Amino acid sequence: MDAPPSGSYLAISHPASDIHAAAQAEAQKRHNERVSTPQTLRSRAEVSRFFDRLDLVPPGVVFVHVWRPDPGDVPPADGVSAHGGVARKP
């Protein structure tokens with residue numbers, strides 16, 4: 001985040017290691033066997049570190065499906081697999 005000017009935003013959606021851990025690990029393994037750029041799973045705390053020294057936009061680092069949902073949105077029953085957030089560079 002050194003290069004972007006003050007007032008820039010960082011938005012992240014990242015596959016999680018701490019949500020449905022066994023299923024996520026298996027899905028990651030299958031995915032990585034088929035792509036040239038492997039995927040890395042991270043915990044909420046690890047994703048949160050990407051926002052160090054930035055001003056998080058509410059609601060912060062959360063499951064991606066609950067980051068500012070529209071009224072009436074129904075969260076997926078078991079489809080949660082990622083953390084996400086948006087922050088502004090001061």
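Put simply, the amide H of Ser43, placed in the peptide plane, has neighbours under 5 Å in Ser17, leaving out anything fewer than 5 places away on its chain. Evaluating 6.51 cos²θ - 1.76 cosθ + 1.60 at θ = phi - 60° for every residue in region 22-37, the Karplus couplings come out as 5, 5, 4, 4, 5, 5, 4, 4, 4, 4, 5, 6, 10, 10, 8, 10 Hz, glycine and proline recorded as x. Each Lys or Arg adds one and each Asp or Glu subtracts one; over the other residues with Cβ under 12 Å from the Cβ of Gln28, this totals +2. All distinct Cα pairs of the chain go into the 1/r average, and the inverse of that average, the Kirkwood radius, is 14.4 Å. Across region 19-90, the mean sequence separation of Cα contacts (distance under 8 Å, 6 or more residues apart), normalised by length, yields a relative contact order of 35 percent. Apolar share of the accessible surface for the chain: 54 percent from carbon plus sulfur atoms, 1.4 Å probe. Solvent-accessible surface of protein heavy atoms, probed at 1.4 angstrom with all chains present, puts Arg44, Arg34, Arg88, Arg68 in the order Arg34, Arg68, Arg44, Arg88, largest first. In this label model, Ala77 and His65 are separated by 1.1 nm, measuring between points 7 Å along each Cα→Cβ vector.
Ligands, DNA and RNA are left out, and with a 1.4 angstrom probe the accessible area of the chain is 66 Å² per residue.
The values are calculated or read from the model by the stated rules, or taken from the named source; none is laboratory data. Here the structure is a predicted model, which is why all the values come from computation and not from measurement. Using ideal geometry, Cβ is built from the backbone for each residue, glycine included, and neighbour counts are taken over all protein chains shown. Quick note on the areas: whole protein, heavy atoms, side chains included, nothing else; ligands and nucleic acids left out. Shrake-Rupley method; radii C 1.70, N 1.55, O 1.52, S 1.80 Å.
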